[in-house]
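Working notes, beginning with the structure itself.
We did not get these values from a lab; they are worked out from the coordinates using the rules stated. The model shown is predicted, which means the values in this text are computed figures rather than measured ones. Cβ sites come from the backbone with ideal geometry, for glycine too, and all protein chains shown count toward neighbours.
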Amino acid sequence: MSKGVTIWFTGLSGAGKSTIARIIEKKLKRMGRKVEMLDGDVVRTNLSKGLGFSKEDRDTNIRRIGFVCHLLTRNDVVAIAAAISPYRAVRDENRSLIGNFVEVFTKCSLDACVERDAKGLYKKALAGEIKGFTGVDDPYEEPLHAEVVCETDKETPEQSAEKVLRKLEELGYVTTEELAHAS
């Protein structure tokens, strides 16, 4: 079974998107699946260099990630996107474009994200040194119908990854045998 799918991780900065995505990536590779990870920070440095953080630029960045995921998915690759993607409408556009799309909401309290913040970005945003920071003075629109909700301030990354893998099994993107092999 090698059907392509996009696993789209969305949530606040520091919510655990990349951490859980990397666990999923490793397990899928152990299953023998073709997997590509598109991390928001890496994409911004390469594919979206020069874009700022206005709503228009954020939308352009997320559409670019979605287009790459679309290409990968239609070629039977598991595309994993881990990007804040703050606006619901653009995530929904990507869902429509891609088709085989599993949205994973990494739900985490702002307090927990601030506590985890290794780069000190929340501290700067809360002090007014960074303007337009998602979750502080720019909105984050939570998904209304995410296939998986990982409460990352209440679950370990491994527990969250297991929820995602079980949903992929339920939706027919991985088999029970593949899951057993990946453990």
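With everything on Cα atoms, drop me the angle between helix 157-170 and the longest principal axis of the chain, reported from 0 to 90° to the nearest 10.
50 degrees
Report the gain in length on full extension from residue 154 to residue 76: 0.36 nm times residue separation, minus Cα-Cα distance, nm rounded to one decimal. Kindly include the intermediate steps, with their values, before the conclusion.
Details: separation 78, 0.36 × 78 = 28.08 nm, distance 3.33 nm.
Contour length minus Cα-Cα distance gives 24.8 nm.
Here are a few candidate values for Cα extents along the principal axes in Å: (1) 45, 45, 30; (2) 55, 35, 27; (3) 51, 32, 28. Which one was actually calculated from the structure I just gave you?
(3)
Amide H of residue 13 versus every other amide H placed in the peptide plane: which residues, excluding those fewer than 5 positions away on the same chain, fall under 5 Å?
Long-range HN contacts for residue 13: none found.
For the range 32-39, in order, what is each residue's ³J(HN,Hα) by Karplus, 6.51 cos²θ - 1.76 cosθ + 1.60 with θ = phi - 60°, in whole Hz (x at glycine and Pro)?
Those phi angles translate into x, 7, 7, 9, 10, 9, 10, 8 Hz.
Lys and Arg at +1, Asp and Glu at -1: add these up for the other residues within a Cβ distance under 13 Å of residue 97 and post the number.
Working: positive: 63, 64, 74, 91, 95; negative: 92, 93.
So the environment of residue 97 carries a net charge of +3.
On full extension of the chain, what length is gained from residue 46 through residue 142, given 0.36 nm per residue of separation minus the C-alpha to C-alpha distance? Don't jump to the answer; show the numbers that get you there.
Working: separation 96, 0.36 × 96 = 34.56 nm, distance 2.67 nm.
Length gained between residue 46 and residue 142: 31.9 nm.
Rounding to the nearest 10 and keeping the result within 0 to 90°, find how far the Cα-based axis of helix 17-30 lies from the longest principal axis of the chain.
Helix 17-30 and the main axis of the chain meet at about 20 degrees.
Helix 55-74: angle to the longest alpha-carbon principal axis of the chain, degrees 0 to 90, nearest 10?
Between the helix axis and the principal axis of the chain, the angle is about 10 degrees.
Hey, quick one: spin label on residue 22, modelled 7 Å out along Cα-Cβ, who in the range 110-147 has an amide N within reach, i.e. under 17 Å?
116-120, by backbone N distance to the label point.
Using θ = phi - 60° and the Karplus curve 6.51 cos²θ - 1.76 cosθ + 1.60, what whole-Hz ³J(HN,Hα) does each residue of the range 102-110 get, with Gly and Pro shown as x?
Each residue of the range 102-110 in turn: 10, 8, 10, 8, 8, 7, 8, 5, 4 Hz.
In terms of modelled amide H atoms, which long-range or inter-chain residues lie less than 5 Å from the amide H of residue 103?
8, 147, 148
Can you give me the long-range amide H partners of residue 138? Hydrogens built in the peptide plane at 1.01 Å from N, cutoff under 5 Å, separation of 5 or more residues or another chain.
The answer is 133.
Treating only the Cβ atoms of Lys and Arg (+1) and Asp and Glu (-1) as charged, compute the dipole magnitude of the range 5-175 about its Cα centre; round to the nearest 20 debye.
Result for the range 5-175 is approximately 580 debye, rounded to the nearest 20.
Would you kindly state how much longer the chain becomes between residue 57 and residue 109 on full extension, computed as 0.36 nm times their sequence separation minus their alpha carbon distance, in nm to one decimal? Intermediate values should be presented prior to the final figure.
Values: separation 52, 0.36 × 52 = 18.72 nm, distance 2.56 nm.
Taking residue 57 through residue 109 to full extension adds about 16.2 nm, to one decimal.
Sort 47-53, 105-111 by the packing proxy (mean of other Cβ within 10 Å over each peptide's residues), most packed first. Write down the numbers at each step before the final one.
On the way: 47-53: 12.9, 105-111: 19.6.
Answer by packing, highest mean first, reads 105-111, 47-53.
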